[in-house]
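Here's the structure we're looking at; comments come further down.
All of the numbers you see were taken from the coordinates with simple rules; none came from a lab. What you see is a predicted model; the values in this text were computed from it and never measured. Cβ placement follows ideal geometry from the backbone for every residue including glycine, while neighbour counts extend to all protein chains displayed.
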Amino acid sequence: MSSSRFITLEGGDGSGKSTQAKRLVAALKTHGIDALGTREPGGSPGAEDIRHLVLNGDPGRWDALTETLLMFAARNDHVERTIKPALAAKRWVICDRFTDSTYAYQGAGHGLARETIRRMEALVLGDFRPDLTLIFDLPVEQGLARTKGRGKEMRFESFDTDFHERMRDCYLAIARKHPERCIVLDAAADEDTLAEAVWNMIAKRFKLG
Ligand code: TMP
């Protein structure tokens with residue numbers, strides 16, 4: 001039961017996954033499992049610096065390739081300095097976003113070729129992948145309505161509805177392509193119902209009591 005696991009949470013802006021990531025970390029701790037909550041871009045001091053560069057400023061500040069290189073630079077630092085050491089220490093790692101976000105945002109959203117992202121993924125991660133990915137699926141209008149009123153890091157939310165629709169389709173396509181790794185959840189459910197669904201899936205998948 002104590003062997004480490006790497007679980008990622010994915011979805012569009014306003015899907016509620018960040019709240020669910022925190023609740024999952026708390027639930028694991030309640031069950032005696034040492035869990036680390038982390039996020040992307042970010043999760044290590046250097047990657048948090050890169051996060052600031054990527055998420056602030058004008059929407060056209062970076063072209064898609066530069067932005068993707070920044071995401072993978074942050075990811076390399078995060079994986080090497082935070083995620084792998086935690087897993088080696090037998091901790092579970094719960095990560096709010098990972099490489100699927102790059103396929104969704106920079107790939108489907110900004111139109112960077114999937115193959116370009118795949119090559120960066122191979123270079124930076126080799127065959128390192130999450131044990132499980134939870135995809136929080138929500139109609140785009142609902143997600144965007146939920147993000148209204150958030151004050152900072154709005155660079156991405158300012159893209160149009162089409163951009164977010166392409167991302168949503170991309171996440172669902174990833175789930176179909178990798179059914180052994182991905183589970184899609186209906187993020188329109190209320191917070192408590194969703195947290196219970198998440199826990200039930202984790203408990204079943206990893207045979208927790
Ligand atoms: P957050 O709001 O969930 O913390 O995510 C920050 C933003 O970063 C979000 O709008 C999605 C974006 N993002 C990418 O565009 N590509 C990536 O690879 C990652 C990890 C995040």
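For the range 6-206, the equivalent ellipsoid derived from the alpha-carbon gyration tensor has semi-axes of 24, 21, 16 Å in decreasing order. Ignoring aspartates and glutamates fewer than eight residues from residue 148 along the same chain, the ones with Cα atoms less than 12 angstrom from its Cα are 13, 157.
Its residue count N fixes a reference of 2.2 N^0.38 Å for the range 90-146, and the Cα radius of gyration divided by that reference is 1.34. Between 111, 134, 56, the Cα set farthest toward the positive side of the dipole of the chain (charges on each charged residue's Cβ, about the Cα centre) is that of 134. The lysines whose alpha-carbon is closer than 30 Å to the alpha-carbon of residue 204, local same-chain residues fewer than 8 away aside, are 17, 22, 29, 84, 90, 177. Students often get this wrong: which residues of the range 24-65 have the backbone nitrogen under 20 Å from the point 7 angstrom along Cα-to-C-beta of residue 208? 24-40, by backbone N distance to the label point.
Think of it as helices only: each DSSP H run of n ≥ 4 in the chain is worth -39500 (n - 2.57), and spread over all residues that comes to -14500 deg cm²/dmol at 222 nm. Using a simple spin-label model with pseudo-atoms 7 Å out from Cα toward Cβ, residue 190 and residue 61 lie 3.8 nm apart.
Dipole magnitude for the range 6-206: computed about the Cα centre from +1 point charges on Lys and Arg Cβ and -1 point charges on Asp and Glu Cβ, it is near 580 debye. Straight Cα distances below 17 angstrom link residue 207 to the aspartates and glutamates 34, 131, 180, 196, with same-chain residues fewer than 8 positions distant left out.
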